[in-house]
Amino acid sequence: MIPLAALERVIDASGVAPRIEAMLPAGVRRRQLSVRTLLAGMCLTQAGGRPAHLTRVRQALAGLPGDDQRRLGVLADWKDGPHLLTYRQAEYTFGLVADALGKDGPDGLPSPELQAACDQLLEASVPEELKDASRSLAVDWSDLETFSRPPPHGTSDCADPEASWGHRRNNLLHDEDELFFGYYLSAAIMMREENGPAIPEIARRATVSSCRNDPVRAFAPVLTAMPAAGIALGDILDDSGYAHRDADAWALPLRAAGAQLVQDLHPHDRGPKGTHDGAIISNGNLYCPKTPRSLLELGPLARTATRDQAADHDRQTAEAARCKLGRITSDDPDGYHRVQCPAAMGKIRCPLRPASMTLDRGRPEILQPPEHPQACCAQQTITVPPDVLAKTAQKHDYPSAAWRRSYARRTGAERGFATIKDPATSDIARGWCRLMGLTPLMLFTVTLLVARNQRVLASWDARQEENQRRAARGLPPKTRKRRRKTLAGLAAGPP
């Protein structure tokens, strides 16, 4: 169980409670339930694995020791004697907060005030010693059902008008996708840097949007606002659902904010996609016009690949990298940069570059150069406008071994959603929150992520202490067993 003091430190560090309190209307008499106490009750409810119901919030607060009840205002002295907080008081204060943070005209996206409050709560849940531990974020979105029943066919009338129909994966062989009625939950999980030490996987940003809105376009402004808050962006790890969007929806805003993309390309974006000044556009890079087609059409390594297959795949991607035009300048303020022929850089041998023919024969050689060389072969360098590789360019060559190792960190986003969908702790399936509308659902979801972060940090601290005890006894750190089973292993076992 997460202690109340830890949750109160997060709420106080965020500074959210007094700002929301200032937005609420002044009543005739002072409210017994403050915003700070309400947030503490919501966090306690999620820390205890309870559903996101206001009755559970009131029960969590009423179950505190007497001193804490007095301090938080759950138990107050009225003229008739001590008065314990009632459900109607919790409902009234939560309604005021939801109205203050909501939009006058709901459109399925959080208001700036709501998003700012949620960002500050999540950021306050990150300890100071870990804020600069890594700048890499694994991002993804998942389904978040509303408690409302969908509207009847042909109508739009329901208890939650902001909700909409969306698609989700159900991991069943006969049906890969299914419909659900509700919202998309997007989250960014802190991951370790490349070749860096392990860190606790903490949720650092999150947002909720109606399924009628694109979750990628809804989450991009949340991430690009982080540098203004003093949080530099590093590697952004995302799947093909993000990479397949238009460049101005995802790739360009994040690069402008200082991020480096490490993403899986959609099958429609892989392979040769035209030319620029004679160079072949493929997988986010420019290649020599005589690059073998088989190297340009390489896809990511299959999960079931053997060690020999992986070695052969890495050899082919390394050979493709030799045929890539090399960048010789960084992007200018307008996004332009210059690249040079691989033969001029000494990576391959080509008769059109006589100096390259003096290189050793261990390098690939162009046996039949183009009869009519274009700019990429005739000029020393060519200029690449920002729109040529805007959508597919990323940190590592796709799908090289370096890309594969870096992209493997994206599984942290899957683990992040798994922890909040685990029925053993908190299952955010339909019925978890029975309040309607985006604002109440997002507030409870963020308090759930705050509680999740505290659980992750507690487990991390416990593992570090265990490793220190083992090191003092001369033992290696405790490792986890891989429990993945294969079909071959199951078939070889007894019936």
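For this structure, a couple of remarks:
- Computed with a 1.4 Å probe over protein heavy atoms only, the accessible surface of the chain comes to 51 Å² per residue.
- Cα-only radius of gyration and Dmax that characterise segment 62-126, units Å: 16.3, 46
- Per residue, the convex hull spanned by the Cα atoms of the chain measures out at 226 cubic angstrom.
- Average silhouette area of segment 298-360, convex hull of alpha-carbon atoms, in square nanometres: 6.6
- Separation between Cα centres of segment 77-114 and segment 425-442, rounded to whole Å: 16
- To put it simply, the accessible area of segment 1-51 at a 1.4 Å probe is 57 percent carbon and sulfur.
- Calculated P(r) of segment 30-106 - Cα pairs past 13 Å, %: 66
- Mean projection of the Cα convex hull over all viewing directions, computed for segment 316-401: 6.5 nm².
- Computed over segment 149-266, the Cα gyration tensor eigenvalues convert (square root of 5λ each) into semi-axes of 30, 17, 14 Å, ordered from largest to smallest.
- Rounded to the nearest 20 debye, dipole of segment 340-446 from Cβ charges on Lys, Arg, Asp, Glu: 300
- Peptide packing for 227-234, 293-300, 151-158 was compared via the average number of neighbouring C-beta atoms within 10 Å per residue; ordered from the highest value, the list is 293-300, 227-234, 151-158.
- Cα pair count fraction exceeding 17 Å, expressed as % - segment 337-450: 74
- Label-point gap, in nm, between Ala116 and Arg88 - each point 7 angstrom along Cα→Cβ: 3.5
- Ligands, DNA and RNA left out, the 1.4 Å accessible surface of segment 226-339 is 48% carbon and sulfur atoms.
- For Lys273, the lysines whose Cα falls under 26 Å of its own Cα, not counting residues fewer than eight places away in the same chain, are Lys290, Lys324, Lys347, Lys391, Lys395.
- Share of Cα-Cα pairs in segment 243-320 lying beyond 13 Å, as whole percent: 72
- In segment 1-157, one over the average inverse separation of all distinct C-alpha pairs is 17.8 Å, which is the Kirkwood hydrodynamic radius.
- The three principal axes of the C-alpha atoms in segment 164-227 carry coordinate ranges of 40, 30, 14 Å, sorted with the longest axis first.
- Peptides ranked, highest mean first, by Cβ atoms within 10 Å: ranges 30-43, 417-430, 392-405: 30-43, 392-405, 417-430
- Helices in the chain, meaning DSSP H runs of at least 4 residues, each add -39500 (n - 2.57). Divided by all residues, the mean residue ellipticity at 222 nm is -10500 deg cm²/dmol.
- Normalised contact order of segment 242-367, rounded percent, pairs of Cα under 8 Å and 6 or more residues apart: 14
- Each Cα pair under 8 Å and six or more residues apart adds its sequence gap; the mean of these over the residue count of the chain is a relative contact order of 17 percent.
The values are calculated or read from the model by the stated rules, or taken from the named source; none is laboratory data. Not measured: the values here are computed from a predicted model. Because the Cβ atoms are built from the backbone with ideal geometry, glycine has one as well, and the counts that use them run over all protein chains shown. Areas reflect the complete protein model, heavy atoms only, side chains present, ligands, DNA and RNA absent. Shrake-Rupley method; radii C 1.70, N 1.55, O 1.52, S 1.80 Å.
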